[in-house]
Structures are given as structure tokens and as C-alpha cells.
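Worksheet: the structure to be examined is printed underneath.
The values are calculated or read from the model by the stated rules, or taken from the named source; none is laboratory data. Since the model is a prediction, treat every value here as computed from it, not as a measurement. With ideal geometry, Cβ positions are generated from the backbone for all residues, glycine too; neighbour counts draw on all protein chains shown. Just the protein is used for accessible areas: all its heavy atoms, side chains included, with ligands, DNA and RNA removed. Shrake-Rupley method; radii C 1.70, N 1.55, O 1.52, S 1.80 Å.
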Amino acid sequence: DAKTTQPPSMDCAEGRAANLPCNHSTISGNEYVYWYRQIHSQGPQYIIHGLKNNETNEMASLIITEDRKSSTLILPHATLRDTAVYYCIVRANSKLTFGKGITLSVRP
Amino acid sequence: DAMVIQNPRYQVTQFGKPVTLSCSQTLNHNVMYWYQQKSSQAPKLLFHYYDKDFNNEADTPDNFQSRRPNTSFCFLDIRSPGLGDAAMYLCATSREGPYEQYFGPGTRLTVT
């Protein structure tokens, strides 16, 4: 699976949009971009995934660049409960390989 | 609600004393996974099952074994726990292929 690069941390104000970047410059054509998050002391939680097109669900939006070398996870209205480690993962099969992720801190 | 259940949530064992962690699912997924997550680290895949087909990661120590008696249940056996095996152990399930994985709450193992 291709490797991903994420900044170690970021913060945003409650109620504002949180834009979490991810670089995956070695992604291949059949690899999906997945986002999970892990709130402290809980199991990881699936957020969203995409292949080429932008995707939106009730939790977030995923914007994938046209060359697919990077993506951005958008939480449109961050709340304090969104404080977590967010993992961007590129995969083509059943296995997940977690990187270090980005720690998002939402401040009041 | 369909879910992934792990028991117990907290387990304390003595150095060298075998311990078994359990996972069950009501999602009827054919793939089940075990991850180890040490403090301040990302989850690391130990092994996974496609139905009854066991797939071990190359760097998973022999001390770790797994059993899957049926679709719903999967067990993680640590034959001789060392202090370095203290961690959160996460079970997950998915359909076969690049589908989302559903994680349980984890079992936190302490080795004394």
C-alpha cells in the first residue's frame, strides 16, 4: 500500500470547518483513500473513503485532487467531540496500515 | 445494533501466564482482524482471517496465536505474556476487499 504523510497536529475553533490534509504521492490506480479517527481510549472509527471522486457523508467530506496525490478531509462544523487522532490510509485490499495520523484539537 | 464486541475490556495477567482475549461480531463479516496498539502508537495489524483462512503478519511474534471457531467469534491467545505485550488489543471486522473496517472498543491488557 502507498505511504501517506500527514502533519502531526492541528487545531481549530469549535463551530469552524476543520480541513485535514494528507499527501499520498505514490498512490496507484486501484488504491482507495480511507479516513479513520480514534478518540482517546476508543477503537478507531471509519469516517469516509474515496477512489477518484469527492465524497460526502453525514460525518465529513473528502476532497481528492485530480492527480490523486493528495486529499483533504473536511469536518464542516467541528465540535469538541471531534478532538481525536485522524488517520489517512491508502489501501487496495482488506488490510489497513496505520501511520502516525494527525491529532486534531478542537478548542472552545 | 450490529456491532463488534470485545471481552473483557480490561485484563490483567501475570508475566508468563497465558491469556485469551475474545471478540464477537453480529455483522456477519467474513474478515476479522486483530491489532495491537501500544501507548501513543498507531494500531499495528497482528493477523487476520478470511473466513477460516488465517493470515499472519510477518513480524507478529510466535507468542501470539489466534482461533476462529465460527464466523462470529475470534480469539487472541498470548501464550507467555511479557511486559512488552502490555497494550490495547483491537478487534475489527469487514467484508472481503477494500471495505471499511468496524472496530470493537478494545481490550486493555496489563502484564504484572
- Message: Any residue in segment A:1-23 that is at negative phi sitting within a Cβ distance under 6 Å of a residue that is among the aromatic types (F, W, Y) and surrounded by 15 or more Cβ atoms within 10 Å (Cβ to Cβ)? List the pairs, counting only those 6 or more apart or interchain.
- Response: A:L20/A:Y86
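Got a sec? Which of A:S94, A:S28 is part of a loop (DSSP other than H, G, I, E, B), within 14 Å of chain B (Cβ to nearest Cβ), open to solvent by less than 60 Å² (accessible area, probe 1.4 Å) and touching a Pro at 6+ places or on another chain (Cβ under 9 Å)? So that I can check it myself, show each step before the final result.
On the way: A:S28 fails: touching a Pro at 6+ places or on another chain (Cβ under 9 Å).
Checking each option against the conditions leaves just A:S94.
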- Message: When you check A:D11 against the structure, is it open to solvent by 60 Å² or more (accessible area, probe 1.4 Å) and of a type outside the set (G, A, S), yes or no?
- Response: yes
- Would you please name the residue that is surrounded by the most Cβ atoms within 10 Å (Cβ to Cβ), looking only at residues in segment B:1-58 that are more than 18 Å from B:T93 (Cα to Cα) and among the β-branched types (V, I, T)? B:V19
- Message: B:G97 - would you say it is at the interface with chain A (Cβ under 10 Å from one of its Cβ atoms), surrounded by 17 or more Cβ atoms within 10 Å (Cβ to Cβ), closer than 30 Å to A:G50 by Cα and out of contact with any Phe, Trp or Tyr (no Cβ under 9 Å at 6 or more places or on another chain)?
- Response: no
- Scan segment B:35-46 and report the pairs whose first residue is within 11 Å of chain A (Cβ to nearest Cβ) and touching a residue at least 12 places away in the same chain (Cβ under 8 Å) and whose second residue is surrounded by fewer than 19 Cβ atoms within 10 Å (Cβ to Cβ) and of a type in the set (S, T, Y), with Cβ atoms within less than 8 Å and a gap of 6+ or a chain change. B:L45/A:T97
- From A:T65, A:T72, A:T56, A:T79, grab the single residue that is of a type in the set (S, T, Y), within 23 Å of A:G15 (Cα to Cα), free of Cβ contacts under 8 Å to residues at least 12 places away in the same chain and away from chain B (no Cβ under 14 Å). A:T56
